[in-house]
Structure formats: structure tokens, C-alpha cells
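Comments concern the structure below.
The values are calculated or read from the model by the stated rules, or taken from the named source; none is laboratory data. In this text, all values refer to a predicted model and were calculated from it rather than measured experimentally. Here the Cβ positions follow ideal geometry from the backbone for every residue, glycine too, while neighbour counts run over all protein chains shown.
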Amino acid sequence: MELRKPLDILALKAGDTVSKKNLNELIQQSKIEGSAYWAGEDLKIGNTPQQGINWVGALPECRAVIIKSKLGSYDKDGWDAGSKEFYRYSFKARSGQVSQSEKANKVLINQPQFGYPILLFTEQKFTKRHLIWIFEGAFRVSELEDTCVKLARLEDYSASNEVRQQEAGYLEGGRKYVSHLLIERNRDAALAVKKTQPWVCDICSKVFSDRYGVEYIEAHHKVPVSTYSESYKVQVSDFALLCPNCHTAVHILMRTKALAYSEIKEQLK
């Protein structure tokens, strides 16, 4: 496929191929006003030199992240357990040290918070002069490790941009807060707690259906992520059920004041 504008990347389907020359030209010339690839300030493709990762639009709420991965370049890079549903991708390091503040790493760490798709390309060689990128599909961050991220395939990545606006405005705390979101969005854990507890807000004690006529509740992960060991398994008792208003307030106070859930609960009651 020939990419002519930055948004063409979002129209790719898994298995589509793009020449390295075409993708490189798009990335470089999308920044140059008046070039054939220019589509406006909001669609410039940013990058850090020689790091295989780019982003469409302005940070932190970019349109998409582009990963170009050469299998074998890093020990941990590649498909997880032979399945094409999960892919491990290494954080960029300088002198063996990973910096969370480096843009190439930060766009990965922030993905669960902002919900943009991660578009994965892997290299395919036909001849020394004919190199192409294969589009493997759109992914999200499912796990954060010290030296890499684990990416999980998005079947319908248009839905990944429907991120709660309340979460998108808070950046302080970075990786710790993102780890909290990853746990809280664990569907199995959320379903389990909703099956075992009455749907009454743990803070305001209101029942959503009494006011709005429909059943609804949200699961909040109340145990500080920093207290976990690597082998810790999330328990149903780690969650509290909250109405949307209280849940939003809890997240704001977590982000801005770094308070524990018990402190926030006492403050809001």
C-alpha cells in the first residue's frame, strides 16, 4: 500500500505491506509544510532518532504510536509464546539504563491512560535492496515490565480512543498510575467483585439504579500498586464498588494528592 498522508496509516489492515522508503518519507516529510505528505500541524509524525518508534500528532494525546520492530534486534522483542496476539517490545535504554521520561518510552507507558492505538510493523526482507514493513495490526499495552512492554492485539482499535476524559487530564505520577489503570481494567477481576458485592457506592452509599433506573457500578482498585511484590495476585477484596462521580473524584485525588483510598474515602464522606 502507498501511504500518502499520515492518516493513511490508520486505514491499514493486518497483513498490508509498506515499503521502507515510503514509510520513511512519510515520517520525515509529514513535518515539512508544503510537502506531498504534509497534512497539518496536528498530524505531524514525531520521532526520536534511530529508535524505531514514532507518534502521529502532538503528545501526550497523540493519534497513534508507530513501532517498527526488527525481530532479534533486542533479546525480549518478539511474539509472546509463539502467539500473534501478544508482542513484547523493549524500552529504549542509554548505557543500559531505561528512562521513563524519554519520549520513546513515555508514549508506551502513557498508552493505557490515553488509549491511542499502537501500530506494529515488523521487517520483511525480499532482497538486500527490497525491504518492506508488514503491518501486524493495532495493539495496546497490557503489561509494563522493567525493560519492556507486553502488547495485546486490539481487534477493533477505533474503540480504543474512547478514553474517559477525566483520566486524560492528569499526567503526574506516570508509570505508577498507569499500572493502577491496567489492574483496574482487568475485566475478570471487575466482574468477580461485581458478582460478590451489592451494587452500592462504597463512599456515598447511593444506588445508581434508584436515581437513573438502570443498574451500573464501577470497580476501583484500592490497594496501592507500590505495595505489590512481583508475584502478587489481585484479589476480589482489593476492589471497592463506586458510583461514577465518586470514582472520578477518587482518581483526581489519587493523581493530584497521592492519597490512599482509605484517606480519600474519609475525606469524601
Going through the stretch 109-146 in order, the residues found to be under 18 Å from residue 77 (Cα atoms) and either out of contact with any Leu (no Cβ under 8 Å at 6 or more places or on another chain) or among the polar types (S, T, N, Q) (or both) are 122, 124, 134, 142, 145, 146
Looking for something in contact with a helix residue (DSSP H, G or I) (Cβ under 7 Å, 6 or more places away or on another chain), assigned by TED's automatic domain parsing to the domain that holds residue 111 and either among the hydrophobic types (A, V, I, L, M, F, W, C) or over 20 Å from residue 103 (Cβ atoms) (or both) - is there at least one such residue anywhere in the stretch 16-24? no
Among (1) of a type in the set (Ser, Thr, Tyr); (2) at pLDDT below 85; (3) outside any loop (DSSP other than H, G, I, E, B), residue 262 falls short only on (2)
Conditions (1) in contact with a Gly (Cβ under 6 Å, 6 or more places away or on another chain); (2) within 17 Å of residue 70 (Cβ to Cβ) -> residue 42 fails only (2)
By my count, strands (runs of 3 or more DSSP E) wholly in the stretch 64-107 with at least 2 residues that are hydroxyl-bearing (Ser, Thr, Tyr) and buried (at least 16 other Cβ atoms within 10 Å of the Cβ) are 83-90
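When you check residue 20 against the structure, is it more than 25 Å from the chain's Cα centre (by Cα) and within 23 Å of residue 108 (Cα to Cα), yes or no?
Values: more than 25 Å from the chain's Cα centre (by Cα): yes; within 23 Å of residue 108 (Cα to Cα): yes.
So residue 20 fits the description; yes.
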Contact list, first residue from the stretch 143-159 and assigned by TED's automatic domain parsing to the domain that holds residue 91, second anywhere and in a loop (DSSP other than H, G, I, E, B) and at pLDDT below 85, beta-carbon distance below 7 Å, six or more apart or interchain, is 147/76; 148/76
Exception for residue 47 within (1) closer than 25 Å to residue 131 by Cβ; (2) exposed (fewer than 13 other Cβ atoms within 10 Å of the Cβ); (3) not aromatic (Phe, Trp, Tyr) falls at (2)
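I'd like the residue in the stretch 17-35 that is among the small types (Gly, Ala, Ser) and touching a residue at least 24 places away in the same chain (Cβ under 8 Å) and, out of all such residues, is farthest from residue 122 (Cα to Cα). It would help to see each step written out before you state the result.
First pass over the stretch 17-35, keeping only residues among the small types (Gly, Ala, Ser): 19, 30, 34-35.
Applying the additional criterion that residues be touching a residue at least 24 places away in the same chain (Cβ under 8 Å) yields 19, 30.
Details: 19: 12, 30: 21 Å.
Checked the stretch 17-35; the qualifying residue farthest from residue 122 (Cα to Cα) is 30.
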Selection from the stretch 1-21 of residues in a helix (DSSP H, G or I) and touching a Phe, Trp or Tyr at 6+ places or on another chain (Cβ under 9 Å) yields 6, 9, 10, 20
